[in-house]
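A quick write-up on the structure given underneath.
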Amino acid sequence: MARNKFDVDEVLETPFDIRHLKRSLVYAAKYKKRIALALILSALGSVIGLLSPMIVQNAIDNYMIPIDQQSAVSPDDRVKYIILSGVAVFVCIVVSVIFAKIRSVMMTKVGQDIVYDIRKDLFEHMQRLSFEYYDSRPHGKILTRIINYINAISDLMTNGLINFILEIINLVFITIFMFFVNWQLALITMAGLPVYAAIMLIIKNGQRKAWQQVSNKSSNLNAYLHESIVGVKISQMFTREEENAEINDKLAKKYKKAWMKAVSYSNLVWPSTDVVSIIVRAFIFGVGLIGMRGVVSFGTIIAMTDYSARFWQPLMNLSNLMNTFINAVANLERIFEMMDEPVTVDDAQDAKEMPEIHGDVHFKNVTFAYEPGINILENLSFDIKAGESVALVGPTGAGKTTIVNLISRFYNLSGGEIDIDNSDISKVTLHSLRSQMGIMLQDSFIFSGTIRDNIAYGKLDATDDEIRNACMIVGIDSYIESLPNGYGTEVNERGAGLSQGQKQLIAFARTIVSNPKILVLDEATSSIDAKTERYLQNGLNHLLQGRTSFIIAHRLSTIRSCDKIMYVSNKGITEAGTHDELMAKKGDYYKLYTAQSV
C-alpha cells in the first residue's frame, strides 16, 4: 500500500546532517583538478583586487594632501602619480573580474557535470527498484525527486562549493590586509562578529525547518498534479473538475504559505548583515576621526572603511550560501534517500546466467505477501511441463496476476521456491531470466515514439520482417499499413489517439517479437472485440506451440483449449485439470463457467 498520499508529508523535520554535504563532495572529487584551478584563479583575483584600497590610501596620504603639507613632490609628479594610481586600481579591478569570469565559466561546467552524474546515478538506481517501491508511493513524488530536487541543487554544485571556499579565503586575506594597515581599526571590525553570529544562530534553525516544509508541500502538489493529469478523463467523466480544483487550491495555498515563511527567514540574512556592517563602518569613522585624531591618516580611515565593507561582503555571501546549503541539504536528503532505497529484487552475489529455457516450471511451497502478515498465496505447489499452456482462473484478487509476476521474479517470495528447468530463479541473474520471457500485462502501456519503436522495445535489433510478422499474427498489420507513415507513425505517451484494443494489439506484438521461451498473457485480449479475438486466437495457437504459456482470462471461452486450467482461490490452487475434466467435477470452475454461459 502507498506509504503516503499527495496530501501527506513524506518525512518529519530531521536535524541537519553534514553527511549529505560530504556525500555530494564525492561527486565533486571527480573534477578536483578543474575545481583546484578555478580556486587558484579566484584566490589570485581576490588578492589582486585587495591591493586597490592600499593604492588609494597611498595616493590620498602622499599625493592628495593639502598644498601647505606637501613634500618636495612637484605638481606634475603629483598628477602623474595620482593618474598611475587610478590606472593601477583599474587594472586590479579588471584582472580580478577576468579571473572571476573564468572561474565562473569553469565552475558552471563542473557543476552541471556533477548534476548530470547525480541524475544519471539516481535514474539508473530507480530502474533497478522493485515493483514494490512503485506500488507504495505516488509517482508524482518520485518525479519531484528526480527533476525538481536535482534542479534545486544545481546552484550549489555549480558555484556554491567553490564560492564557500573562496569567501573563506577572501576573509583571511582581508583580515590580513586590515591588520597590516591598522590593527586598532581592524579590531573594531572584528568586534561585530559576535553580534552577527548570534543573529545567524537565531535564524538558522527556523530557516532549515521552513525549507523542509517547502520540499514537502512542493512534493505533495506535484504528486496531485501528476495524478490529475493521468486521470483527467475519469475526472471529466464524473464531473469532478470543481472538487479537483478545490483540492489543488488547498495544496497550492499550503505550498505558498510554506514558501513565504521560508523566504521570510532567508530575507532576514542580508539585512542583518548589512546593518551590522553599516554600524561597524560608522564606528570606524567615529573612532578614526575623533578618538584617534592625529594618530591615523584620512587615507588610512578610507582604506579601513573599504576593507571593512569588503570584510562583511564575504560574510553576507557566506550567509546567502548557507541559505543555498540549507535548501540544498533538504533536497539532498530526499535524493540520497532514494539512492539508498534498497534494491530488494536483485541478483544474488553468486547468481549465475540462466541457461536457455526449455519451459518446465515448478512451484514448491510458495508463500507470498505484499504486506507482512497478509498472505496472498500460502504453500502453493504445482508443476508445469515444457510446452504446456496453462490458464489461471478464479475470483478477482485471488492471486492470478501475482503468480505470473512471481514467475518473472518481480517480487521476492515470502517462503518457498520457484524453479524453471531445475534452476532456482532466485539464484540466476534477472536479465538472463526476464530476457527469455514474454509478458503481456493488463496495462498495455505505449511509449512516445513510433509504432515500430514500441514493437521493438524489448528487441532493439528486430528486423522489419520480424515486426511485421508479429503484427500479422495479432491482426494489426493492415491497420498500421493504412496509416500515412505506416510503422513510422508517431504515437504520444500512453498511446493517445489509439483505441484501447489497438494499444493492446501493439503491446501483444511487442511481446511476440521478443520470441520468448515462456509466454505470460495477463488479460491480453480484454479490450479486443470478438472478431479480432478469433483472428488473434488462430495466430496464437501457432505461436504457443512448443512454448510454456500462462494465460489469465476472465472470458473462459478463450481458454477451453489450454492443456491445464488451474482455479486460484483461498491462497492456492483449489482445482486443476483440462476443461472437460473440471466441468465433469462440477466444482468451482464448473460454477464459474456455467455462470458465464447463462
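What value, in deg cm²/dmol to 500, does the helix sum -39500 (n - 2.57) over DSSP H runs of n ≥ 4 give at 222 nm once divided by the residues of the chain? It lands at -19500 deg cm²/dmol. In loop segments of region 347-409 as defined by DSSP, the GluC sites (Glu not before Pro) with at most 15 further C-beta atoms inside 10 Å of their C-beta are GLU353, GLU356. Remark: the chain carries 51 Å² of accessible area per residue (probe radius 1.4 Å; ligands, DNA and RNA excluded). For region 387-397, putting each phi into the Karplus relation 6.51 cos²θ - 1.76 cosθ + 1.60 with θ = phi - 60° gives couplings of x, 6, 9, 10, 9, 10, 10, x, x, 4, x Hz, in residue order, rounded to whole numbers and with x for Gly and Pro.
Scanning residues 5 or more positions from THR450 or on other chains, those with amide H under 5 Å from its amide H are VAL491, with H placed 1.01 Å from N in the peptide plane.
Once C-alpha pairs closer than 8 Å and six or more residues apart are averaged by separation and normalised to the residue number of the chain, the relative contact order reads 14 percent. When each of the peptides 193-206, 565-578 is scored by how many other beta carbons lie within 10 Å of its residues on average, the order from highest to lowest is 565-578, 193-206. ALA456 sits among other residues whose Cβ lies under 9 Å from its own Cβ, and their net charge, with Lys and Arg +1 and Asp and Glu -1, is 0.
Remark on GLY416: its backbone amide H falls under 5 Å from those of THR367, a criterion applied only to residues 5 or more positions apart or on other chains, H modelled at 1.01 Å from N. Peptides 236-246, 419-429, 398-408, 497-507 ranked from most to least packed, by the mean per-residue count of other Cβ atoms within 10 Å: 398-408, 497-507, 419-429, 236-246. Each Lys or Arg adds one and each Asp or Glu takes one away; over the other residues whose Cβ falls under 15 Å from the Cβ of ILE278, this sums to 0.
Put the Cα centre of region 298-361 next to the Cα centre of region 391-407 and the gap is 43 Å.
Stretching SER235 away from ALA36 to a fully extended chain increases their span by 66.1 nm, per 0.36 nm per residue minus the current alpha-carbon distance.
Anything over 31 Å Cα to Cα? Flag those among LYS109/LYS141; LYS120/LYS250; LYS33/LYS209, in the order listed. Those over the limit are LYS120/LYS250; LYS33/LYS209. Taking every DSSP bridge with both residues inside the chain, close to 50 percent are antiparallel. Under a model in which nothing but the beta-carbon of Lys, Arg (+1) and Asp, Glu (-1) is charged, region 439-515 shows a dipole of about 200 debye around its Cα centre. For the chain, the share of accessible area belonging to carbon and sulfur comes to 59 percent (1.4 Å probe, ligands and nucleic acids excluded). Once a ≥ b ≥ c are taken as the square roots of the eigenvalues of the Cα gyration tensor of region 421-471, is the result rounded (a/c under 1.5), prolate (a/b larger than b/c) or oblate (a/b not larger than b/c)? It comes out prolate by the Cα gyration axes.
How much length, in nm to one decimal, is gained on full extension between SER381 and THR489, taken as 0.36 nm per residue of separation minus their Cα-Cα distance?
So the chain would gain 34.3 nm between SER381 and THR489.
Projecting the Cα atoms of GLY397, TYR149, ALA507 onto the charge dipole of the chain, computed from C-beta unit charges around the Cα centre, puts TYR149 farthest toward the positive end. Taken along its three principal axes, the alpha carbon spread of region 180-326 comes to 87, 23, 21 Å, from the longest extent down to the shortest. Note on the chain: Cα-Cα pairs beyond 43 Å make up 45% of the total pair count. For the cross-link pairs LYS571/LYS591; LYS253/LYS503; LYS517/LYS586; LYS30/LYS253; LYS22/LYS204, the ones whose C-alpha atoms lie over 30 Å apart are LYS253/LYS503; LYS517/LYS586; LYS30/LYS253. In the chain, a dipole from Cβ-located charges (positive for Lys and Arg, negative for Asp and Glu) runs towards its positive end, and of SER426, LEU521, ALA43 it is ALA43 whose Cα lies farthest in that direction. At 4 °C and 1.567 mPa s, grab the translational diffusion coefficient of region 190-270 from Stokes-Einstein with a Kirkwood Rh over Cα pairs, rounded to a whole number in µm² per second. Translational D for this selection: 86 µm²/s. When only alpha carbons are used to place a centre, region 424-446 and region 558-579 end up 23 Å from one another.
Using θ = phi - 60° in the Karplus curve 6.51 cos²θ - 1.76 cosθ + 1.60, the 3J(HN,Hα) couplings for region 417-429 round to 8, 10, 10, 10, 6, 6, 10, 5, 5, 7, 10, 10, 5 Hz; x is entered for Gly and Pro.
Computed from phi, the 3J(HN,Hα) profile of region 220-230 under the Karplus parametrisation 6.51, -1.76, 1.60 (θ = phi - 60°) reads 4, 5, 5, 4, 5, 4, 4, 4, 5, 5, 4 Hz, with x in place of Gly and Pro. For TYR370, nonlocal amide neighbours, meaning residues 5 or more places apart or on other chains whose placed amide H falls under 5 Å from its own, are ILE376.
Ordering 552-563, 468-479 by mean Cβ neighbour count within 10 Å, with the highest value first, yields 468-479, 552-563. Based on every Cα atom in region 74-190, Rg and the maximum pairwise Cα distance Dmax equal 24.9, 87 Å.
The values are calculated or read from the model by the stated rules, or taken from the named source; none is laboratory data. All figures in this text were calculated on a predicted structure; none of them were measured in a lab. Cβ coordinates were reconstructed from backbone atoms using ideal geometry, including for glycine residues, and neighbour counts include every protein chain displayed. Please note that ligands, DNA and RNA were not included when accessible areas were found on the heavy atoms of the full protein model with its side chains. Shrake-Rupley method; radii C 1.70, N 1.55, O 1.52, S 1.80 Å.
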